[in-house]
1. Compare each residue of the stretch B:268-301 in its chain alone against the assembly with all protein chains, and report those whose accessible area goes down by 40 Å² or more; 1.4 Å probe, heavy atoms.
2. Sorted by accessible area (1.4 Å probe), largest first, how do B:53, B:114 line up?
3. Quick check: the distance between the Cα centres of the stretch A:245-267 and the stretch A:3-44, to the nearest angstrom?
4. Go through the stretch B:225-332 and name the GluC sites (Glu not before Pro) that are in a DSSP coil and have 16 or fewer other Cβ atoms within 10 Å of their Cβ.
5. Using the Kirkwood formula on the Cα atoms of the stretch B:1-113, what hydrodynamic radius do you get, in angstrom to one decimal?
6. Other chains' Cβ within 10 Å of A:109-116 residues: what's the mean?
7. Compute the acute angle (0 to 90°) between the alpha-carbon long axis of helix A:140-161 and the principal axis of greatest extent of the alpha-carbon atoms of chain A; round to the nearest 10°.
8. Please work out the C-alpha center-to-center distance from the stretch B:208-229 to the stretch B:78-152 and express it in whole Å.
Amino acid sequence: MVEWRVGPGDRVARGDIVALVETEKGLIEVEIFDSGVIESLVVPPGTKVPVGTVLATIRADAEPVRAAAATAPPAAPTPPMAAARLRVSPAARRLAEESGVDLATVTGTGPEGVIQKIDVQRAAAAPEAAATPEAAATPAPDRLAAMRRVIAAAMARSKREIPHYYLATDIDVSRAMAWLEAENARRAVPDRLLPSVLLLRAVALAVQDVPEMNGFWVDGAFRAGAGVHVGVAISLRQGGLVAPAIHDVDRKRADDVMRELLDLVKRARAGVLRSSEVSDATITVTNLGDQGVETVFGVIYPPQVALVGFGRVVERPWASGGMLGVRPVVTASLSADHRASDGHRGGRFLASIARRLEEPEAL
Amino acid sequence: MSSAGAVKTTYREAMRAALRDALARDPRVFLLGEDVGRYGGCFAVSRGLLEEFGPERIRDTPLSESAFVGAGIGAALGGMRPIVEIMTVNFSLLALDQIVNNAATILHMSGGQFAIPLVIRMTTGAGRQLAAQHSHSLEGWYAHIPGIKVLAPATLEDARGMLWTALQDPDPVLIFEHGSLYNMEGELAADAGAVDIARAAVRRPGRDLTLVTYGGTLWKTLDAAERLAGEGIEAEVIDLRSLRPLDTPTILESVARTQRAVIVDEGWRSGSLSAEISARIMEGAFYSLDAPVARVCSAEVPMPYAKHLEDAALPQPETIAAAARRVVTGRA
């Protein structure tokens with residue numbers, strides 16, 4: 001827990017960012033899953049807790065005393081709710097809000113047990129004293145090493161558990177590139193689209209034809225994703241990799257996807273992503289064209305079941321309708337989980353992507 | 001405070017030195033009031049001044065507070081710098097009309113044409129068995145009135161130094177001298193002179209609570225702070241010095257550090273100056289507070305004559321310390 005962005009009594013709506021936590025993947029902004037009023041902050045800043053620990057409790061609207069976890073679903077014991085309003089001095093209440101100390105966990109030493117400023121100071125100092133050395137002693141190299149370990153664990157698990165199959169196809173993107181060129185020519189510079197946006201949209205829409213590419217392999221069965229949230233593999237300058245999701249790419253306009261992509265890249269490199277972005281991807285796209293790579297066969301990010309790779313757009317001799325021409329071509333590849341789908345379906349999926357790139361105006 | 005240039009003196013003598021200094025320095029200054037001349041003042045503050053400065057400048061007046069305060073206002077309008085002595089604040093009520101309706105308003109009602117550079121000194125407070133018509137602390141009433149300044153010198157330095165600064169003020173200034181202080185002895189710098197009349201003073205620094213007081217209760221409060229220190233409670237003591245205007249920033253700054261405040265005021269609690277100070281702390285330092293603001297005031301009775309009853313009616317070091325303990329620890 002790095003910092004709270006809300007305090008007890010604050011009204012929050014689903015999707016609001018309530019806290020900043022540091023994980024091995026970097027700083028993550030925690031979004032809230034329910035709407036209501038923050039009842040108490042359970043975990044003070046500077047504390048290290050296991051994933052799944054209740055960070056805060058919120059009181060849902062119209063529910064006087066219900067505790068809901070602000071963090072991920074796993075059920076951790078709910079802290080006891082204060083039966084009556086705590087006796088807290090104004091100075092203590094303010095300091096608690098500022099420092100994110102949950103007053104329910106503070107013992108008052110003032111007259112009649114009132115919680116005073118000094119009590120909050122002690123409570124705030126206690127966990128920090130324990131946690132600060134650890135947090136402060138995590139310089140960038142260590143954080144990088146930690147991220148490396150996370151990637152290693154995920155990739156090793158993927159190759160250990162997921163029976164990958166690989167398909168690739170070359171796609172003529174002349175229509176897409178021409179459309180993009182014309183479209184960008186009439187746009188102001190900040191509004192111009194990158195080819196990546198068309199690729200992301202094509203993948204998201206192709207899922208409609210082959211839904212078994214979009215989702216997870218969990219407990220011996222395929223579970224379809226609740227939406228089409230496309231994870232975008234972003235390499236970080238200092239090394240390492242994250243694949244945060246753009247939500248509902250199938251339902252968004254290209255302009256919106258473009259804007260979100262730029263925002264995501266910027267924030268990923270600044271090291272501040274939101275919890276839903278980090279955990280929600282239902283399929284991942286990796287694009288190594290910038291590096292001159294023509295074909296990439298990626299490793300699926302478990303428990304997802306498919307990863308689409310794009311290489312560089314290159315001009316190639318291209319035979320079409322008995323004529324030889326030069327066309328811009330991109331190689332699309334698919335790494336898919338054979339437990340969830342077969343090569344036949346994978347082929348259809350790549351064909352669907354190719355077909356959609358033929359009709360760029362629909363993207 | 002003992003230095004080569006310090007002299008042993010009393011509050012009364014310091015006041016007298018201030019009067020003598022003002023009379024000597026400014027020919028416009030003169031003193032008038034009941035028995036200030038031949039008798040030397042009811043509290044002997046002006047003893048010897050008649051002989052030194054003559055009957056033109058040390059003027060005995062009839063027993064009519066309204067008349068001689070009015071005369072002072074007229075003299076101030078005429079360019080003089082009168083010092084009016086009223087025997088006690090209880091008797092000043094006879095001059096309320098002159099003070100509140102004239103002295104405090106003429107600058108405003110003349111459209112800024114006529115200032116009233118008048119100083120009114122009077123005795124206030126109890127503790128000397130002078131009973132219910134000579135012992136009340138009504139300075140808080142005057143602190144309610146816009147257009148005048150209200151001072152409460154509690155130390156030898158302020159007794160010596162406030163008068164001259166008050167005389168330089170273009171507006172009416174009331175100086176309240178607590179009757180129990182006149183015999184207070186101490187050392188004062190031989191060259192002691194004018195002091196500011198705008199700011200409160202921290203008379204004792206402390207970290208656990210702020211005791212706000214003025215005038216005669218300053219010494220009882222310092223006594224209480226000394227007892228508290230023996231119990232590990234470090235009280236900060238603020239001497240208001242000026243009751244109008246109040247030096248609010250000094251109070252709030254202190255409370256922000258200590259988180260607790262007790263106001264000690266010899267006036268009655270209801271509608272008092274202590275209520276005003278308490279309200280200002282709520283307005284300006286609510287989020288710094290660890291405990292409700294507490295007050296130690298006089299019992300809401302006419303001041304008793306009997307010694308034990310008078311003592312019981314007034315704030316005392318024990319009651320001040322008890323209030324401070326309740327605020328800090330919850331137990332008296």
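The values are calculated or read from the model by the stated rules, or taken from the named source; none is laboratory data. These figures come from a predicted structure and were not determined experimentally. Note that we place each Cβ from the backbone using ideal geometry, even for glycine, and neighbour counts take in every protein chain shown. Heads up: the accessible areas ignore ligands, DNA and RNA and are worked out on the full protein's heavy atoms, side chains in. Shrake-Rupley method; radii C 1.70, N 1.55, O 1.52, S 1.80 Å.
1. Relative to the lone chain, where solvent access is computed with a 1.4 Å probe, the stretch B:268-301 loses at least 40 Å² at B:287, B:290.
2. Values: B:53 40, B:114 100 Å².
Result of the area sort, largest leading: B:114, B:53.
3. 23
4. B:231, B:234, B:300
5. On the way: mean 1/r = 0.0658 Å⁻¹.
One decimal place: 15.2 Å for the Kirkwood radius.
6. Average neighbour count from other chains, rounded to a whole number: 4.
7. It is inclined by approximately 60 degrees.
8. 27
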